[in-house]
Amino acid sequence: MRQIILSKTDSRYWLQPGKLKKWDRSATYSIYIQTKGQRHSFTLGTSNRELAARLAAGICNDLVTLGIETTLAKHKPQREAVAESISTVGEWIEAAKKVTTAKESTFDDYARCLRVIASGILALRKTKKRFSPHKGGGFSKYRAVVDAASLEILTPPAIQKWRLNYLAKATNPIEKQSRMTSCNSTLRQARSLFASRIVKFLPELRLPDPLPFTGVEFFPRQNTRYISRIDPKVILPAAHTQLAKKEPAAFLALLLALGAGLRKGEIDSLRWNQIDTQRGIIRVEVTEAASLKTQDSQGEVEIDQHLAGVLQGHRAKARAKDGDFVVENDAPVKQTTRRSYRAEETFNKLTLWLRTQGVSARKPLHELRKELGALITQEHGIYAASRALRHSNVGTTAAYYADKKERTTVDIGSWLTPANVEPLPVPLPSSKPRLHSRSKRPASAARHAR
């Protein structure tokens, strides 16, 4: 049977499956039409399928006989005509910011990542002057150049070249692994600015075809398994001796990160009325001072009674009220282009102190949260750690921590003759190991120390 090809000016064309669309939570039909490299959407204002098909055919007939500009003026009189040129980086960021539902800090990260990729593709010379925050300084000039660039530069070949150039700057295998992870993160965040939940609300802006980051490739996911390189049984007593009296705010921040697994932002906004020392509970919740990373971040965090007693002691000594912040900070917050914390000065002091204790991670305070996750996983299992850290799902926890409570070894060493065996000062545990037993010194070492 000969197949009938229907024109878009025929209502029967629009009655075919998938031709009439409905936006999220919309009861009425809409259509998308592409002409001369431009994509336009038209709301038909009816939930009747047959009527919507006739209206769609009428719009297409106007498009053929009247042209795009007249058709837009007729059927979308309150909307601006579609731009003739492709939008620039800056135009798209400004427009997307007005329609996004993402948190401001999250959106700022998306915009920063897009500008990083665009500046790399443009091969802009990067000098220290671009960090100047003053009006009219190097920062403003540098950003103006990036924002003026057309989104047309974000072609698949250009993005692929940027990926490879970014990775080529690694000087060793560790840095190469780190750059693969950060490159993937940068691409994903920049791509979020062109998600359908944003694009559908900006039909007046013209985008390149294909959309930026369409078909983008990512490096293989790197191993994110947490490997403990610190001994909390050594760090905590040292902090009590060196920080509790001289820098009590920094000491409290350490306790909340290591003892409760709170994130930096959660510590920054925590008030005393969120801590129930009688029940051993810290309530992590949305407050007037701050939001949360995700909805799953909200919940009650259990702390041991000894830690609860220490927190209560600090509160009594400071005579703090319910509405007071747990981590005080007298220094004014410095406004920067990146996210600023209320207790930034306190966090900086704690970071410097943790460096002296051998904590070499890029985010020392977050390393304490990870250490608690490892301890809970080792003692109580992966599901308990997932609940304590308030991850959105246990898969996130499993990507970072190994649920391993017993040593999985074969006693191959016993096959050797005694003459070939060098005795160890302390025998290895045969089953469930104690947490961080490395903090205990061998008896022979203790005698030499005396």
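Quick note: the coordinates plus some simple rules give every number you see, no bench work behind them. Since we're looking at a predicted model, the values are computed, not measured. Cβ: placed from backbone, ideal geometry, glycine included. Neighbour counts: every protein chain shown.
See the values below:
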| item | result |
| --- | --- |
| Charged-residue dipole, Cβ positions (Lys, Arg, Asp, Glu), the range 232-398 about Cα centre, Debye nearest 20 | 440 |
| Per-bin percent of Cα-Cα distances, the range 89-199 [10 Å] | 13, 41, 37, 9, 0 |
| Under Karplus coefficients 6.51, -1.76 and 1.60, residue-wise ³J(HN,Hα) of the range 234-249 in Hz, glycine/proline x | 9, 5, 5, x, 5, 5, 5, 6, 9, 10, 3, 8, 6, 10, x, 5 |
| Cβ-based exposure ranking for 201, 218, 251, in which fewest neighbours within 10 Å come first | 218, 201, 251 |
| Contour minus Cα-Cα distance for residue 181 and residue 352 (0.36 nm per residue) | 59.0 nm |
| Residue order, fewest to most beta carbons within 10 Å, for 359, 394 | 394, 359 |
| Net lengthening on full extension, residue 214/residue 50 (0.36 nm per residue, minus Cα-Cα) | 55.6 nm |
| Residue 64-residue 94 FRET efficiency (beta carbon distance; Förster radius 56 Å; 0.05 resolution) | 0.95 |
| Cα-based shape type of the range 232-398, given that a ≥ b ≥ c are square roots of the gyration tensor eigenvalues and the cut on a/c is 1.5 | rounded |
| Alpha-carbon spread of the range 11-75, three principal axes, descending order, Å | 28, 23, 19 |
| Per-residue ³J(HN,Hα) for the range 358-369, Karplus 6.51 cos²θ - 1.76 cosθ + 1.60, θ = phi - 60°, Hz, x for Gly and Pro | x, 7, 9, 4, 4, 10, x, 5, 5, 4, 5, 4 |
| For the range 116-236: relative contact order, % (alpha-carbon pairs under 8 angstrom, 6 or more apart) | 26 |
| Sorted by Cβ neighbour density within 10 Å, fewest at the top, the residues 39, 225 | 225, 39 |
| Long-range HN-HN contacts of residue 44 with modeled amide H, under 5 Å | 29, 30, 31 |
| Cut-off 10 Å between beta-carbons: net charge of the residues surrounding residue 399, Lys and Arg +1, Asp and Glu -1 | +2 |
| Rg/Rh ratio calculated on Cα atoms of the range 342-407 (Kirkwood radius) | 1.07 |
